[in-house]
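See structure below.
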Amino acid sequence: MKQILISGFVLFSGYSMADTTLTVRVNGIKSVQGSLYIAIYNQENGWLKDEGSYKQTVIPVTDVAHTVKYELPNGQYAVQTFQDVNSNGKLDMRWLPPGPSEPWGVSNNRTDRLGPPRYSDAVFTLSQATDLEITLVE
């Protein structure tokens, strides 16, 4: 009986327990060197921290744009990406003006220059196959 109720809830609620495809396309790469880091977050706690991400991908930069596909459960997510130009394994920061010294971007292309992007500005809902385009800024 419990299984029938759960199945009925899933059927009538419009949610599926199957994964949904998220396609992340990162463009705006100006120099074909280093690595591209993509981190997906499913909660605000840990946003912009390596240990707080739900999934991470690191790929060598071989072109001016890259596309990566993920299979994720329906839900809310935010994506952060950066190009590690000097291959030191981190997003380098500068003092003046304060901010990243390597190309970076987040979902919804929220790259305001007054402090780090907020999770609430980058979050989106994944409920069907979604193409997400992020343009790197310097």
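The values are calculated or read from the model by the stated rules, or taken from the named source; none is laboratory data. Being a predicted model, the structure only gives us computed values, none of them experimental. All Cβ positions, even for glycine, are placed from backbone atoms using ideal geometry, and neighbour counts span all protein chains on display.
Before moving on, here are some points about what is shown:
- Number of residues in the range 118-138 that are crowded, with 18+ Cβ neighbours inside 10 Å and assigned to a loop (DSSP other than H, G, I, E, B): the value is 2.
- Residue ID - nearest to PHE82 (Cα to Cα), chosen from residues in the range 103-116 that are in contact (Cβ under 8 Å) with a residue 24 or more places away in the chain and over 12 Å from the mean Cα position of the chain (by Cα): PRO103
- Strands (runs of 3 or more DSSP E) fully within the range 59-117 counting 1 or more residues that are closer than 14 Å to VAL137 by Cα and small (Gly, Ala, Ser): 104-106
- Just one of the listed residues (VAL32, VAL10) is surrounded by fewer than 16 Cβ atoms within 10 Å (Cβ to Cβ) and either modelled with pLDDT of 95 or more or of a type in the set (Asp, Glu) (or both), namely VAL32.
- Residue count for the range 42-58, restricted to those that are assigned to a loop (DSSP other than H, G, I, E, B) and among the polar types (S, T, N, Q): 4.
- For the range 42-81, the tally of residues that are farther than 15 Å from ASP131 by Cα, in contact with a Lys or Arg (Cβ under 9 Å, 6 or more places away or on another chain) and surrounded by 16 or more Cβ atoms within 10 Å (Cβ to Cβ) stands at 2.
- Filter result (among the aromatic types (Phe, Trp, Tyr), closer than 18 Å to THR21 by Cβ and touching a helix residue (DSSP H, G or I) at 6+ places or on another chain (Cβ under 8 Å)) within the range 42-92: TYR77
- For the range 83-100, a residue qualifies if it is surrounded by 14 or more Cβ atoms within 10 Å (Cβ to Cβ), farther than 24 Å from GLN43 by Cβ and modelled with pLDDT under 95, and exactly one does: GLY99.
- Residue in the range 102-119 that is farthest from LYS30 (Cα to Cα), counting only those that are among the hydroxyl-bearing types (Ser, Thr, Tyr) and modelled with pLDDT of 95 or more: TYR119
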